[in-house]
1. Carbon and sulfur together cover what percent of the accessible area of region 4-71 at a 1.4 Å probe radius?
2. With each run of n ≥ 4 DSSP H residues scored as -39500 (n - 2.57), what mean residue ellipticity at 222 nm is computed for the chain after dividing by its residue count and rounding to the nearest 500 deg cm²/dmol?
3. Sticking with the crude label model, points 7 Å out along Cα→Cβ, report the distance from residue 86 to residue 40 in nm, one decimal please.
4. Can you tell me the accessible area per residue over the chain, all protein chains present, probe 1.4 angstrom, in square angstrom?
5. Once amide H atoms are built 1.01 Å from N in the peptide plane, which residues 5 or more positions from residue 11, or in another chain, come under 5 Å H to H?
6. Calculate the dipole size of the chain relative to its Cα centre from +1 charges on Lys and Arg beta carbons and -1 charges on Asp and Glu beta carbons; express the result in debye to the nearest 20.
7. Cross-link candidates for residue 107: which lysines have Cα within less than 17 Å, leaving aside residues fewer than 8 places away along the same chain?
8. For Cα pairs less than 8 Å apart in space and 6+ apart in sequence, what is the mean separation divided by the residue count of the chain, i.e. the relative contact order in percent?
Amino acid sequence: MAWVRELQSGVELYTAVVWHVSLKRKIRLAYVLDRRKPNKPSYAVLFSTDINQSTDEIYRFYKLRFQIEFIFRDAKQNTCLSDCQARDVKKLDFHFNVSFAALNLAKLDAHRQQVGQKPFVFSMASVKRRALNDHLLDTFISTLGLSPTVIKSHPNYQNLRSYGVIAA
């Protein structure tokens, strides 16, 4: 394997053109080695059947691919992408668009609410959990006849809103 370059501090990208037995053709391997955690290094082996494709492109395309897979996973698990029983193409198209729109709006809202310079972390499951917690707390406040101002200004109120949330 020939060293290509260091992607960032502690992350190295290697490459080689090798013969793939099952595909019966040459492929370009991209080997990503992450040594940022010295006691537990991690790696990923990526490849392309286009041996002229740059290793940087292979790495970038795989990163984009996994981001797309996360979008589909969130849409299937949290916005009912796979729960439509319609058979008409227009109704299915509408359902898919609404599911992805809900996901995108939730992500946009989370992005707007982010404060500080921390990296943006998004979990649709956390958005749903926080909405459920808000609804439950509002139900308790109204059912028990409590003062919303007093309850919502309490220091532990935000902890209750975030109970069970995955990503902060």
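1. 55
2. -15500 deg cm²/dmol
3. Between residue 86 and residue 40, the label points sit 4.4 nm apart.
4. 75
5. Long-range HN contacts for residue 11: 35.
6. 300
7. Qualifying lysines at Cα under 17 Å: 76, 118, 128.
8. Once normalised by length, the contact order is 12 percent.
The values are calculated or read from the model by the stated rules, or taken from the named source; none is laboratory data. Note that the coordinates shown come from a computational prediction; the quantities given were computed from them, not determined experimentally. When we count neighbours, we look across all protein chains shown, and the Cβ atoms used for this are built from the backbone with ideal geometry, even at glycine. Note: accessible area is taken over every heavy atom of the protein model, side chains too, but ligands, DNA and RNA are not part of it. Shrake-Rupley method; radii C 1.70, N 1.55, O 1.52, S 1.80 Å.
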